[in-house]
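Down below is the structure, laid out as C-alpha cells.
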C-alpha cells in the first residue's frame with residue numbers, strides 16, 4: 001500500500017501531496033515536517049514519481065508560510081503562533097499523526113492529512129529572504145525576462161552595460177525599462193478567477209502572470225517590480241497614495257485594522273492605502289515610479305519632480321481617472337511594516353480579497369485607457385434592473401457610453417469593440433464567470449447570476465510622466 005502525506009494551508013488553501021516512506025508513518029509530526037516540508041528531497045521525489053511538478057511547487061510555497069527565512073534564503077524556525085490540525089483536532093509536534101485509508105483511482109492508499117492553522121501567526125515574514133528564495137526557484141526564467149525587456153529597448157552592448165549597474169544612468173535605465181514593461185501589462189482582476197485562480201498574488205506570482213500575458217492591480221504590479229529590483233540590489237520602498245488623502249498617514253489606525261481586520265466605518269483611513277507606488281534611492285536621488293496603468297499615467301519622476309508629489313509641505317496631488325471620475329491622489333512615504341503587512345494579509349487572511357478588489361474597491365475585471373469592464377451580480381430581474389439603471393445613470397452623467405448585459409456576453413457593440421482592442425483580455429473576461437460566481441456564492445450565499453458591464457472611457461490621463 002502507498003502512503004501519502006497531504007498538507008494543506010487553511011489560510012490560502014494551498015495544498016500538496018506526496019508519497020512517503022512507509023516507516024515514516026510512525027514518526028512524530030515534527031520529524032515528518034522536517035523531512036518532507038523543511039528539507040524535502042524535491043528532485044528525488046520528482047524523479048521517483050512520488051510528487052507531481054505542481055505539488056512540488058506548492059510544497060515550496062507552503063515552506064514560506066510555515067518557516068521564517070534568513071536573508072540568505074535558508075529556512076529557520078517556524079513562525080510563532082503556527083498550529084497543526086488533523087480531523088479538526090489540534091495535533092502537537094511531538095505527536096505521531098494518524099493515517100486513514102482512502103481510495104484514489106480505484107486503489108486504496110493510506111493518507112496522513114495535516115492542516116496548517118496560521119490564524120494566530122503575526123506579520124513576521126522576512127521579505128529579503130522570502131524574495132531571495134522565490135527568485136532562486138526560477139532564476140533562469142526571471143533573469144531571461146529582465147534581459148529580454150532590456151534588449152527590446154537597447155542594443156546588446158547597451159544591455160550588457162545596463163546590467164552591470166555601475167553608474168546612476170545604468171540604474172535609471174534598468175528601472176525605467178522594467179517599470180515600463182510592467183506598466184504596459186493589463187490592469188486586471190480577471191486572473192483571480194482563471195488559471196491558477198490566486199486570490200492575491202505575491203511579487204513573484206504577479207511577475208509570472210505578467211510574463212504569461214496577464215497583469216495585476218497596483219499593489220501586485222509594484223511588488224513584481226520590487227521583486228526584480230530587490231534581487232539586483234536597488235534600494236526601494238513602498239509609497240502609499242489615495243484619493244483626497246492630503247493629511248498625514250494615520251499609521252496607528254492602519255496597523256490596528258491589520259490586527260483586528262475590522263474594516264467597518266474605516267473608509268476615511270483605508271483611502272490612504274488605496275494606491276501604491278515605489279520610491280527608489282539611486283545614488284542620492286529620489287525616483288518615484290508608478291507601474292499601475294489602468295488609465296493611470298506611467299510615472300518615472302526624478303529628484304525635484306518626485307519631491308513635488310512627496311514633499312511634506314505644499315504636497316501636490318496627481319489627478320487620475322481610473323474609470324469615469326477624476327480623483328486627486330496624494331502620495332505619502334510611510335513606515336514599511338504597513339504596506340508589507342497589508343500585502344501579506346491579502347495573501348489569505350482577508351478571505352474574500354478577490355471579490356473585494358472587483359466589487360468593493362470598484363476595480364472591475366479590466367481597466368485600460370479605453371475600457372472599463374466589470375461584473376454585475378444579482379439574484380432577480382428586479383435587482384439586475386436596479387443595478388443596470390445605476391450604471392447607466394452614472395455613465396450618462398459622466399458623458400460616457402455604457403452597456404450592461406445580463407447574460408455575460410461581449411456581443412454588444414461596445415463588447416465587440418472591446419474584443420477587437422484587447423482580444424486576449426476579452427477571452428479571459430469571458431472565462432471568469434464560473435469561478436467568480438462560485439466565489440460569490442461561497443461568500444454571499446447561493447443562487448446568484450452574473451452579467452457584464454462595458455464602459456467606453458473618454459481619453460483622460462497623459463500616457464507618460466517621465467523626468468528621468
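Bear in mind that the values in this text are calculations on the coordinates, not laboratory data. Remember, predicted model here, so these are calculated numbers, not experimental data. Glycine gets a Cβ as well: all are built from the backbone with ideal geometry, and neighbour counts include every protein chain shown.
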At a Förster distance of 56 Å, what's the computed FRET efficiency of residue 400 paired with residue 39, Cβ-Cβ distance as r, to 0.05?
0.45
Does anyone have the angle between helix 218-231 and the longest principal axis of the chain? Alpha-carbon axes, 0 to 90°, nearest 10?
70
A chain fully extended from residue 262 to residue 361 at 0.36 nm per residue, minus the present Cα-Cα distance, gains in nm 34.0 nm
If the label point sits 7 Å along Cα→Cβ of residue 2, residues of region 97-120 with amide N under 18 Å come out as 99-114
Defining a contact as two alpha carbons under 8 Å apart and six or more residues distant in sequence, what relative contact order in percent does the chain show?
13
For the Cα atoms of the chain, what angle does the longest principal axis make with the long axis of helix 53-66, in degrees from 0 to 90, nearest 10?
80
Give the shape of region 159-237 as rounded, prolate or oblate, defined through the alpha-carbon gyration tensor: a ≥ b ≥ c are the square roots of its eigenvalues, a/c under 1.5 means rounded, and otherwise the shape is prolate if a/b is larger than b/c and oblate if not.
prolate
Using Cα-Cα distances under 8 Å and only pairs 6 or more residues apart, what relative contact order does region 1-134 have, in percent?
34
Segments 181-193, 283-295, 93-105, 445-457 sorted - mean Cβ within 10 Å per residue, highest first:
181-193, 283-295, 445-457, 93-105
Report, to the nearest 10°, how far helix 381-398 tilts away from the longest principal axis of the Cα atoms in the chain, using its own Cα long axis and a range of 0 to 90°.
40
DSSP beta bridges in the chain, what fraction antiparallel, as a percent rounded to 5?
85
Only Cα pairs under 8 Å and at least 6 apart count here; give the relative contact order of region 362-456 as a rounded whole percent.
43
Within region 14-42, list the residues whose amide N lies under 17 Å from a label point set 7 Å along Cα→Cβ of residue 101.
none
Pulled fully out, how much extra length does the chain show between residue 70 and residue 438, if you take 0.36 nm times their separation in residues and subtract their Cα-Cα distance?
128.6 nm
How far is it, in nm, from the label point at residue 337 to the one at residue 246 when both lie 7 Å from their Cα along the line to the Cβ?
3.1
Taking the number of other C-beta atoms within 10 Å as the exposure measure, put 443, 313, 402 in order starting with the fewest.
313, 443, 402
So, in Å, what gap is there between the alpha-carbon centers of region 1-61 and region 416-430?
40
Want the number for residue 447 to residue 21: 0.36 nm per residue separation, take away the alpha-carbon distance, what's left?
148.8 nm
Taking only DSSP H segments of four or more residues, each worth -39500 (n - 2.57), what value at 222 nm results for the chain once the sum is divided by all its residues, to the nearest 500 deg cm²/dmol?
-11500 deg cm²/dmol
